[in-house]
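Below is the structure I would like to discuss, written out as structure tokens.
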Amino acid sequence: AVPRTRILATGGASHNKKILQVLSDVFNAPVYTIDTANSACLGSAYRAIHGLVAETNVSLADVVKLAPQPRLAVIPTAGAEEV
């Protein structure tokens with residue numbers, strides 16, 4: 001089965017539930033947030049670590065196992081996809 005789409009929101013707007021709800025309704029997908037400072041740099045940092053250990057055949061999935069887990073913030077409003 002193909003995993004269902006989900007949105008990961010970071011940065012200042014991720015603290016605004018109304019903005020997150022609009023995203024969820026427009027894309028008909030749940031929105032998750034992650035409580036991490038400087039989240040825009042997080043992906044690059046994990047990629048850099050992955051690059052450093054590339055010769056050991058460690059997968060990117062293994063590198064990010066200790067990353068903070070996203071929390072569900074909002075789900076689509078019922079019927080929003082019809083609008």
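With every protein chain present, what is the per residue accessible area of the chain (1.4 Å probe, Å²)?
That works out to 75 Å² per residue.
Here's a follow-up. What is the angle, in °, between the Cα long axis of helix 17-27 and the longest principal axis of the Cα atoms in the chain? Nearest 10 is fine, range 0 to 90.
Value to nearest ten degrees: 90.
Using only alpha carbon pairs under 8 Å that are at least six residues apart, calculate the relative contact order of the range 8-83 and give it in whole percent.
Worked out over the range 8-83, it gives 46 percent.
Per the helix-only calculation at 222 nm, which mean residue ellipticity applies to the chain, given -39500 (n - 2.57) for every DSSP H run of n ≥ 4 and division by its residues, nearest 500 deg cm²/dmol?
Calculated mean residue ellipticity at 222 nm is -10000 deg cm²/dmol.
Further, regarding this structure: Which percent of the accessible area of the range 7-74 is formed by carbon and sulfur heavy atoms (probe 1.4 angstrom)?
So the carbon and sulfur contribution to the accessible surface is 60 percent.
Pick from 13, 67, 54: which is most flexible by mean-square fluctuation in a GNM of the chain where alpha carbon atoms under 10 Å apart are linked?
It is 54.
Taking only Cα atoms, what is the 0 to 90° angle, nearest 10, from helix 39-52's long axis to the longest principal axis of the chain?
Tilt relative to the chain: about 30 degrees.
If you wrap a convex hull around the alpha carbons of the chain, what volume per residue comes out, as a whole number of Å³?
So the per-residue hull volume is 110 Å³.
The values are calculated or read from the model by the stated rules, or taken from the named source; none is laboratory data. Keep in mind that what you see is a predicted model, and the values were worked out from it rather than measured. Surface accessibility is based on the protein's heavy atoms, side chains included, excluding ligands, DNA and RNA. Shrake-Rupley method; radii C 1.70, N 1.55, O 1.52, S 1.80 Å.
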